[in-house]
Amino acid sequence: MADWYAFWVTAPISVLSAVAMVLARNAVHAALLLVVNFFTLAVFFLILGSPFLFVVQIIVYAGAIMVLFLFVIMLLGVDQVIPLRDQMKAQPVAAVLLGAGLIAEIVLAVRISIGFSHKVLPDFRSVNAGGNVQALAKVLFNSYFFPFEVTSILLIVAAIGAMLHGRRKIGEEETIDVPEPAPIPAPAAEGTAR
Amino acid sequence: MRTPISYFLVVSVLLFTVGTVGVLIRKNALLIFMSVELQLNAVNLALVAFSRQLGNLTGQVLAFFSMVVAAAEVVVGLAIIVSLYRKRRSADVDDASLLRG
């Protein structure tokens, strides 16, 4: 019963925060709404009997990845308001229509393949016997040991790649073939310039 | 456990679609990237829900791998966005048209 209430409290927050994130005009607001969404997903993982992924979701996504996002937002400037749409008027409409089509397609595919089962989920306690972390480790290190090792190589390559991208070569041209960024207008000219 | 798996799958589909629409309508590279994260998370939710339904922990292992790959992807992607911003003074994807024929 508790999971029923937890689901119906969390699910609207999850979907609404996702919609608000997509429509947000300020990048910082979008990042914070994404954190809310990550936390609701962590709650879903807990309902579904996976406390390990609950903790990893909060540490990796809400912790590390969002800090990285906010760091880059601060680096690029937080005060700019991003317009929702500018030149292309038809693009948002087409995107929403395509999204509705995607929902219909996935729901139809799921309906045909497994159907909307209303039966109660089976007991997970035997699978999680001895603790979720222990059971997960048994599967991970027995059946998926090689992919696990490959992810370590992936992480090292990603770190080296980020370092190579982020460094600045000595004497490198700062910008290419774009005009110099417009100087910040004086506060008095702000009203007339726009 | 009264909540059927289909409820979680519906939430997953909605989140994935919102992420897709976000990728299509936003022009700022950072917001597109956040929408991609949303899509990845929606798929993780579906994986964990199926893992629960089938009583098999492989889905959770796969969700764990997808989190690792998402972390690596975020690191490289944000580095690319920063270097793009450094070159063009804008994180707008429409400005990154150097490869256009």
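So how many residues does the range B:45-68 have that are at negative phi, facing chain A (nearest Cβ under 7 Å) and of a type outside the set (D, E, K, R)?
Taking the range B:45-68 and keeping what is at negative phi, we get B:45-54, B:56-68.
Right, trim to facing chain A (nearest Cβ under 7 Å) and you get B:45, B:48-49, B:52-53, B:57-58, B:60-61, B:63-65, B:67-68.
Imposing the further condition that a residue be of a type outside the set (D, E, K, R) reduces the set to B:45, B:48-49, B:53, B:57-58, B:60-61, B:63-65, B:67-68.
Of the residues in that region, 13 qualify.
Any idea which residue in the range B:70-91 is nearest to the chain's Cα centre (by Cα), counting only those that are more than 7 Å from every other protein chain (Cβ to nearest Cβ) and over 15 Å from B:Met34 (Cβ atoms)?
Here the residue is B:Leu84.
Among the residues of the range A:12-49, what is the count of those that are within 16 Å of B:Leu30 (Cβ to Cβ) and either touching a residue at least 60 places away in the same chain (Cβ under 8 Å) or of a type in the set (Val, Ile, Thr) (or both)?
Result for the range A:12-49: 4.
Regarding the range B:40-57, can at least one residue be identified that is surrounded by 20 or more Cβ atoms within 10 Å (Cβ to Cβ), without any contact (Cβ under 8 Å) to a residue 12 or more places away in the chain and part of a helix (DSSP H, G or I)?
So far as the range B:40-57 goes, no, none of its residues is surrounded by 20 or more Cβ atoms within 10 Å (Cβ to Cβ), without any contact (Cβ under 8 Å) to a residue 12 or more places away in the chain and part of a helix (DSSP H, G or I).
Given the options A:Ala193, A:Ala135, A:Ala159, name the one that is at pLDDT below 85 and either not polar (S, T, N, Q) or not assigned by TED's automatic domain parsing to the domain that holds A:Arg25 (or both).
Numbers: A:Ala135 fails: at pLDDT below 85; A:Ala159 fails: at pLDDT below 85.
Result of the check over A:Ala193, A:Ala135, A:Ala159: A:Ala193.
So A:Ala62 ticks every box in (1) surrounded by fewer than 22 Cβ atoms within 10 Å (Cβ to Cβ); (2) at pLDDT 90 or above; (3) of a type outside the set (Lys, Arg); (4) within 12 Å of the chain's Cα centre (by Cα) but one. Which box is left unticked?
(2)
Which of the residues belonging to the range B:1-18 are within 13 Å of the chain's Cα centre (by Cα) and more than 7 Å from every other protein chain (Cβ to nearest Cβ)?
Passing the criteria: B:Ser12, B:Phe16.
The values are calculated or read from the model by the stated rules, or taken from the named source; none is laboratory data. Since we're looking at a predicted model, the values are computed, not measured. Note that we place each Cβ from the backbone using ideal geometry, even for glycine, and neighbour counts take in every protein chain shown.
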